[in-house]
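Here the structure comes first, spelled out in structure tokens, and everything after it is commentary.
A short reminder: the numbers here are calculations on the coordinates, not readings from a lab. Worth saying up front: this structure is predicted, and the values here are computed from it rather than measured. Ideal geometry is used to build each Cβ from the backbone, glycine not excepted, and the neighbour counts take in all protein chains shown.
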Amino acid sequence: MIQLSVNGKRVAIDADADMPLLWVLRDEIGLKGTKFGCGVAQCGACTVHLDGKPVRSCVTLVGSVGSRRVTTVEALTSTPQGRAVRAAWEKLDVAQCGYCQAGQMMAAAGLLAANARPSDADIDAAMQGNFCRCSTYKRIRAAIKTAAGIDPADHRGAA
Amino acid sequence: MMTSRRELLLSLGTTAAGAMVLGFGFTGRGRAASAGVGAAAQSATTLGEYLMIEPDGTVTLMARNPDMGQGAKTLLPMLIAEELDADWHRVKIEYAPADAKRFVSQYAGGSMSVPDNWDPMRRVGAAGRAVLVQAAANRWRVDAGSLSTQRGYVMHAASGRKIGYGEVAADAARLAPPDPMSLLLKDPKQFVILGKSQRGVDTAAILDGRPLFGIDTVVPGMKYAVFVKSPVPGARLKSADLHAARAMPGVEDVFSVDGVAPGAGGQIGLKPGIASGIAIIGRNWWQVNRARTALQAEWDDGSGAEHDSGVYDSLALKMLESAGETHTRKGDVDEALAKSATRVEAVYQTPWLPHLTLEPQNCTARPTAKGVEIWAPTQFPNDGRDIVAATLGIDVNDVTVHMCRCGGGFGRRIMNDFMVEAAVIAMRGKAPIKLLWPREDDVAHDYYRPGNYHRLRAGLSGKGEVLAYYAHGVSFSRDGKLVDGGELDADAAPGLLAPTFRLEQSLIPTIIPTGWLRAPADNSLSFVHESFWDELAVAARRDPVQFRLEHMRASFAHPLAEPTEEGEPPYDVRRMVAVLELVAQRSGWGQHAVGRQPPQKGVGMGVATFFSHRGYVAEVAKVRVDDHGVWNVEKVWVVADVGPIILNPTTAEAQVEGAVIEGVGQLMAEIRFDKGRAVQTNLADFRLMRMPAAPEVDVHFHLTANPPTGLGEPALPPVIPAVANAVFAACGARIRSLPLTAEKIMAARTDLART
């Protein structure tokens, strides 16, 4: 049995140590908010936090998690940054299909926890691993700035 | 678009719990969805239930169309609620079941949700309001004309009385329904729900990570499945070690499925049938997917040998050296070319593209007493239902399909191959299963946007007028017919505006499955024709915007095209002139007309227009190209004319922003084939549109007195040539083949330096 701390609860899982955390969350624990997109850490749809830091759960083997706290989108609002992110995502109506947004929000909350006032370059660096097939990038960028309490306008093209 | 009287039939009734149910039937006219989607609505004359009002006033509205992010599940009920005068914040929304008899036209495609639903859905709401008002009038013994409605209440101003819809719903359900065509609809100035941004009905569930998408479906006793197929389409299984796969941890069942060749049936996408393959079933998806490595499957895949991107390229370029079959002809192009003062010629090429919906294809299926129950993220639920029934050889009434939210569609989920596979595996395995494709299967078994090749020739007069336009396109065929998504004719401006025009077509047989990708055909042909149009402006020494405007205005005297048989409205060039003028103003175009220096070294602006899916869109892109040919789109200005009102502004703007940024992504993308199999295997093999490359997008809607039309697609085609034309303006490199790479820009610059 593998012991995990998921969203503040202790859970015991009977799974291979080499099963990716994503599939433990989705199919063993039944938390469907974390999404499968590629299985090779290229899309970020499966982003969760380990001890508050974003990781790709599709390539994080459950046996490697140890005592680190796992936080998924279902517990996004357990941190101030997560609450600000969720509120901004709702205010700006970011989602189109919505499939990548759990991962986007987890990545954004992780960014804001480490950097309260990110620049456009900081946002590019932190978010480039999260693919949005609907291309909601304009609103994701504005929502991160909104969550950070900074001017959401995009001035990159003004020259 | 007006709804004809024949189309609407109304019924009223009550449920056992005393709720009023308003049913509407639509008698189909076989109207075609545009752009390759084909005939969607087929005849049916029975009833569908669109709204239900319970005694406590709860209003439930049905969304009949799938939602893949384009917002149909929110918009269709908004149309009903507006005329019903419901309290939008207290409305519950449910997906209608997939049932062509009751709901007739249920699909997401062709940007048709607005044109198909704008009139009939409002009539549903207006009819509901009419009977509620009549029921209140009867109760109060007053004239119905003296009553008004607001936010779920009927009001009598003279006496100050008001009554909730729930209190009169049961009475209303016993009244004779009105003739829906007799109902007076609101003046859009009176709208309180439409025209205001309404957040998506699924937004909270998305943000909270609640189960919502097809992949999240869980049914009791469900197992997980993968279906292993040949990387070469249509190849049959020769051998596989099923025992070895069965011995893998977590695997409960492994069996091979004989391929069933496509048969008759299905309206839009696929014919019934299933590929040859091996199903692996177990209790955890990761375990069953891992077990595929033990199969050591071999396939009879020699049929793929000739189907190679390199072979296609050389065949096509050879075909372009001679004439093709004439497809469209207007006047005598050859004579006009001979008389032209200047002739311009170029060869253009666009690649094959994958869809890559972020939610991989999946479907949940459960055997029932007589058939199968299915939960599917699909764009065409009823088409899937038909082909499942035909493949299994059962009655379509024994196939139940529940629509699930789609994690992206883009045309991929018009094809219901995953639905058939899930149904066959569930029936064979005698268990409820969720079939989920790994990303590698999704890349290998797509219905790709086919690439195409073009030789273009134009003749200009001494004054720079286009006298002749010739296009020979090479596309692909399957079973002797042009492939889905491979159409070479579009409402591209040059062919429409030139006084003489000939389109020729040649086809290369392919075994690789093709289909429709967002703004099908237009997403490729826009690049070809609007880039060449830009070349003609340069040859004529005219500003690209002015050149377009002059040719468009010159055509005002005569209509460019007739309406099609399906009633598709023809190109109205005046509408395009208006959006082009506006986008030039908004983008500050003209500060770098031909002969002047661009605003900054390495920065250029490009323009393009396109009439796609009934929408008129003009776009200007501002692009920076560095000394190494690396390009970056800084900003795109969009002006779109999709009619008199933007029904849900937040979603409309999102559709334009997404289409534009996706379009920039299409400039970078390509999938290639080697002996019939896709070379790329997963997302790491593609240059994807990611956050740093996403430009700022300025969206403006130009409102005009025309029927409202959809926005899923029209904003995508123009951005592709606008960016390519901006690259030319920035550095002089004319790129005639996609993907647009730094290497091609550097090669074009080298050629430029030589000449």
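Odds and ends about this structure:
- FRET efficiency estimate (nearest 0.05) - Cβ-Cβ, B:ALA557 to B:ALA684, R0 45 angstrom: 0.25
- Estimated [θ] at 222 nm from DSSP helical runs (n ≥ 4, -39500 (n - 2.57)) normalised by residues in chain A, nearest 500: -9000 deg cm²/dmol
- In this simple spin-label model, placing a label point 7 Å from the Cα along the Cα-to-Cβ direction at both B:ASP241 and B:ASP674 gives a separation of 2.5 nm.
- Sorted on the mean count of surrounding Cβ atoms within 10 Å across their residues, most packed first, peptides B:280-287, B:102-109, B:203-210, B:311-318 read B:102-109, B:280-287, B:203-210, B:311-318.
- Taking every DSSP helix (H) stretch of at least 4 residues in chain B, weighting each as -39,500 (n - 2.57) and dividing the sum by the residue count yields a mean residue ellipticity at 222 nm of -8500 deg cm²/dmol.
- Per-pair calculated FRET efficiency, R0 = 60 Å: A:ARG69 and B:ALA747 via Cβ, rounded to 0.05: 0.70
- Remark: mean inter-chain Cβ contacts per residue of B:692-700 equal 5, using a 10 Å Cβ-Cβ cutoff to other protein chain atoms.
- 3J(HN,Hα) along the range B:414-428, derived from phi through the Karplus expression 6.51 cos²θ - 1.76 cosθ + 1.60 where θ = phi - 60°, amounts to 5, 8, 9, 4, 5, 5, 5, 4, 4, 5, 5, 5, 4, 5, 5 Hz, with x in place of Gly and Pro.
- Note on B:LYS339: lysines with a C-alpha under 23 Å away, same-chain residues under 8 apart excluded, are B:LYS330, B:LYS463.
- Additional length obtainable on full extension of the chain from B:ASN397 to B:VAL219, 0.36 nm per residue less Cα span: 62.0 nm
- Förster-model FRET efficiency, 25 Å R0, B:ALA539 and B:ARG754, C-beta, rounded to 0.05: 0.80
- Remark: the B:LYS189-B:GLU321 segment gains 41.8 nm on full extension, using 0.36 nm per residue and subtracting the alpha carbon distance.
- In this simple spin-label model, placing a label point 7 Å from the Cα along the Cα-to-Cβ direction at both B:GLN150 and B:SER197 gives a separation of 2.6 nm.
- Sorting B:180-189, B:355-364, B:127-136 by their mean Cβ neighbour count within 10 Å, with the most densely packed peptide first, gives B:355-364, B:127-136, B:180-189.
- Within 10 Å of the Cβ of each residue in A:123-133, the mean number of Cβ atoms contributed by other protein chains is 5.
- Straight-distance crosslink candidates among lysines, where the alpha carbon sits under 30 Å from B:LYS434 and sequence neighbours closer than 8 are dropped: A:LYS9, A:LYS32, A:LYS35, B:LYS73, B:LYS92, B:LYS101, B:LYS223, B:LYS229, B:LYS238, B:LYS271, B:LYS370
- Descending by average beta-carbon neighbour count within 10 Å, the peptides A:92-100, A:19-27 line up as A:92-100, A:19-27, the highest first.
- Most simply put, chain B has about 75% antiparallel DSSP beta bridges, counting only bridges with both residues inside it.
- Distance between modelled label sites at B:VAL311 and B:ASP143, nm, 7 Å Cα→Cβ extension: 8.0
- The protein assembly as shown - share of DSSP beta bridges that are antiparallel (%, nearest 5): 75
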